[in-house]
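Below: one structure, written as structure tokens.
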Amino acid sequence: MTAPTIYLVRHGQTDWNAEYRLQGQADTDLNETGRAQAGRNGRRLAGLVADPAGFDFVSSPMRRTRETMERLRAAMGLDPAGYGTDARLVEMHFGDWQGYTFAELEAVDPGCYARREADKWGFVPPGEGGESYVQLASRVRSWMDEVTGDTVCVTHGGVMRALFHLAGVLEPGAAAVLPIPQDRVLRLHRGTLEWL
């Protein structure tokens, strides 16, 4: 059986992205820049996906990813609501750090940034629900293992970093610090990842 092609898109920008706030699983909305990014990515996908009917469309269930998917599908000339969601595609949880910038966190817990950077892949933020990239990659792998057909996926930066490791492209430390743009499409095909 031929390996499926997966097109991955990070949700468009939110105000928290612009402010460098840790979003994690806080349910934030796109800003105007993010809405424009979603439309542009949809137009890009329209040129890449010749037969959308042959693709599954799946999103993280968070508001910012769902709006990105709906705007993306509209830009492709498709019914905005014609997609599913999968909770395994949500962003990693930042525990008590969600909603804060690192500058704010450092003011109350000096050295917290350095502690995370020392082992970014394995670090678990403090507080209920906090996740490491190790834990995130485990749930993302379970989703990947179930993808059998060509798919368009809208998800989060952390999930896409985990995919770079799971696909064998990057070691954990390199994957954890990889910049993930919000205005590009990433293609996973036969174990190769390519920004388009």
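The values are calculated or read from the model by the stated rules, or taken from the named source; none is laboratory data. Just so you know, these numbers come straight off a predicted model, no measurement behind them. Here Cβ is always computed from backbone atoms with ideal geometry, including for glycine, and neighbour counts include all displayed protein chains.
Below, the figures for the structure above:
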item	result
Given (1) closer than 25 Å to Arg63 by Cα; (2) of a type outside the set (A, V, I, L, M); (3) exposed (fewer than 14 other Cβ atoms within 10 Å of the Cβ), index of the condition Thr101 fails	(3)
Any chance Asp96 is modelled with pLDDT of 95 or more, farther than 17 Å from Gly158 by Cα and surrounded by fewer than 21 Cβ atoms within 10 Å (Cβ to Cβ)	yes
Single condition Arg10 does not satisfy, out of (1) of a type in the set (Lys, Arg); (2) buried (at least 20 other Cβ atoms within 10 Å of the Cβ); (3) touching a helix residue (DSSP H, G or I) at 6+ places or on another chain (Cβ under 7 Å); (4) over 26 Å from Asp145 (Cβ atoms)	(4)
Selected residue (only one of Val152, Val169 is crowded, with 21+ Cβ neighbours inside 10 Å and more than 18 Å from Gly24 (Cα to Cα))	Val152
Residues (touching a residue at least 60 places away in the same chain (Cβ under 8 Å) and over 18 Å from Pro4 (Cα atoms)) located in segment 163-188	Ile180, Pro181, Gln182, Asp183, Arg184
Test for Met92: is it touching a Leu at 6+ places or on another chain (Cβ under 8 Å), of a type in the set (A, V, I, L, M) and either closer than 20 Å to Gly130 by Cα or assigned to a helix (DSSP H, G or I) (or both)	yes
Residue among Gly24, Gly42, Gly34 that alone is part of a helix (DSSP H, G or I) and either under 22 Å from Met92 (Cβ atoms) or charged (D, E, K, R) (or both)	Gly34
Selected residue (only one of Val159, Val152 is assigned to a helix (DSSP H, G or I), β-branched (Val, Ile, Thr) and touching a helix residue (DSSP H, G or I) at 6+ places or on another chain (Cβ under 7 Å))	Val159
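Every residue, every condition in (1) farther than 18 Å from Val159 by Cβ; (2) free of Cβ contacts under 8 Å to residues at least 24 places away in the same chain; (3) of a type in the set (Gly, Ala, Ser), yes or no:
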{"position": "Arg73", "(1), (2), (3)": "yes, no, no"}
{"position": "Gly84", "(1), (2), (3)": "no, no, yes"}
{"position": "Glu91", "(1), (2), (3)": "no, no, no"}
{"position": "Glu106", "(1), (2), (3)": "yes, yes, no"}
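Residue-wise test of (1) within 19 Å of Arg187 (Cα to Cα); (2) without any contact (Cβ under 8 Å) to a residue 40 or more places away in the chain.
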position: Gly47; (1), (2): yes, yes
position: Thr68; (1), (2): yes, no
position: Asp79; (1), (2): no, yes
position: Ala114; (1), (2): no, yes
position: Gly127; (1), (2): no, yes
